[in-house]
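The values are calculated or read from the model by the stated rules, or taken from the named source; none is laboratory data. Keep in mind it's a predicted model, so treat the numbers as computed, not measured. Glycine also receives a Cβ, built like all others from the backbone with ideal geometry; neighbour counts cover every protein chain displayed. Ligands, DNA and RNA are excluded from the accessible area calculation, which covers all protein heavy atoms including side chains. Shrake-Rupley method; radii C 1.70, N 1.55, O 1.52, S 1.80 Å.
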Amino acid sequence: MMGKIQKSDEEWKRQLTPEQYEVTRHGGTEQAFTGKYVNHKEAGTYHCVCCGASLFGSEQKFDSGTGWPSFTAPVEQGALESKEDSRYGMQRVEVICATCDAHLGHVFDDGPPPTGQRYCMNSAALDFQPQT
Ligand SMILES: [Zn+2]
């Protein structure tokens, strides 16, 4: 297991757009239906916008109708970490990048088969790379 990527706030700020920075480093949530990957259906892989780690494949993406890109599973279990999030008076499970601790979104257990999970992600936290 490689060590975590750690950068200062200043470094992240320089590397990211203000929206990417707000979502990934401060646990922000983009407005529903505004993200660029909500209806994105190309074949390829979604990477962490901060560190480039691959997180989700297009085969795991499904149309959840929520306004955020949604997936049934990560490319591999070790790609993500989850932690309890009780902010805003809700009990949720926050999903972060295992490589750089970027906030990505939340996971809910009301997804479709085969996993029954719904990884509700922010487009701003993802960087899509088409299959070559
Ligand atoms: Zn990352």
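The figures follow:
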{"read-out": "For the chain, size of Cβ-based charge dipole, Lys and Arg +1, Asp and Glu -1, in debye", "value": "120"}
{"read-out": "Sulfur and carbon atoms: percent of accessible area, the range 30-99 [1.4 Å]", "value": "47"}
{"read-out": "Amide H partners (placed H, <5 Å) of His47, local residues excluded", "value": "Leu55, Asp127, Phe128, Gln129"}
{"read-out": "Cα gyration tensor shape for the range 1-55, rounded if a/c is under 1.5, else prolate or oblate", "value": "oblate"}
{"read-out": "Under Karplus coefficients 6.51, -1.76 and 1.60, residue-wise ³J(HN,Hα) of the range 85-100 in Hz, glycine/proline x", "value": "10, 10, 5, 6, x, 10, 9, 9, 10, 7, 10, 10, 5, 5, 8, 10"}
{"read-out": "The chain - mean residue ellipticity at 222 nm from DSSP helices (-39,500 (n - 2.57) per run, n ≥ 4, rounded to 500)", "value": "-3000 deg cm²/dmol"}
{"read-out": "Highest to lowest packing among 26-39, 70-83, scored as the average C-beta count within 10 Å", "value": "70-83, 26-39"}
{"read-out": "Amide proton proximity set for Ser64, modelled H, under 5 Å, gap of 5+", "value": "Ser70"}
{"read-out": "Gln117 long-range amide H proximity, modeled H, under 5 Å", "value": "Gly111"}
{"read-out": "Distance from the range 1-68 to the range 95-115 (C-alpha centre basis), Å", "value": "11"}
{"read-out": "Rounded accessible area per residue of the range 1-99, 1.4 Å, Å²", "value": "59"}
{"read-out": "J(HN,Hα) series, the range 32-45, from Karplus relation 6.51 cos²θ - 1.76 cosθ + 1.60, nearest Hz, glycine and proline x", "value": "4, 6, 9, x, 6, 10, 4, 10, 7, 10, 5, 7, x, 10"}
